[in-house]
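Computed from the coordinates by the stated procedures, all read-outs in this text should not be read as laboratory data. Just so we're clear, the structure is a prediction, and the values are computed from it rather than from any experiment. Cβ atoms come from the backbone with ideal geometry, glycine included; neighbour counts cover every protein chain shown.
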């Protein structure tokens, strides 16, 4: 099922009466709903599963908070989560998650700590954040590196891979 945010523009009778009783104006709110999807969510391609690809910014690396777009989050993460799990994040909570670093195929590393979480960005409604401080430091991620990420519904965890290192051009 796809998840989407709908605006509640028309108040119910109870909401209208509550606004009149407190002498305040009705506040438009957003509600997360599930809609039937015409097509099932695409499963990751086993040869190239990296549905979310991103060049890291200096801020992503320095803060240990990888910023993800609204579209990437709703299409590739929330689509696999329950409405309750998605609402937990949308209401401003940090959801503890597990991230598997599969950069080295033969030796995947599991990250789960207070520094590994998923949340809504505090400064914007259309961005989300994956806390990845431990992973970024261990993997020595630099600004400009390309990383790949996807949510694996079978294991209920993120899978991460450092796809390309930023090459520093040296002037002779």
In Å, the Kirkwood hydrodynamic radius of the chain over pairs of distinct alpha carbons?
18.0 Å
Taking a ≥ b ≥ c as the square roots of the Cα gyration tensor eigenvalues, with a/c under 1.5 meaning rounded and otherwise prolate when a/b beats b/c, else oblate, which class fits the range 103-172?
oblate
For the chain, built as a Gaussian network whose Cα springs stay under 10 Å, the top-fluctuating residue of 23, 47, 142
23
Using per-residue counts of other Cβ atoms within 10 Å, averaged over each peptide, order 101-112, 70-81 from highest down.
70-81, 101-112
Please find, in a Gaussian network model of the chain (springs between Cα atoms separated by less than 10 Å), the residue of 29, 69, 12 whose mean-square fluctuation is greatest.
12
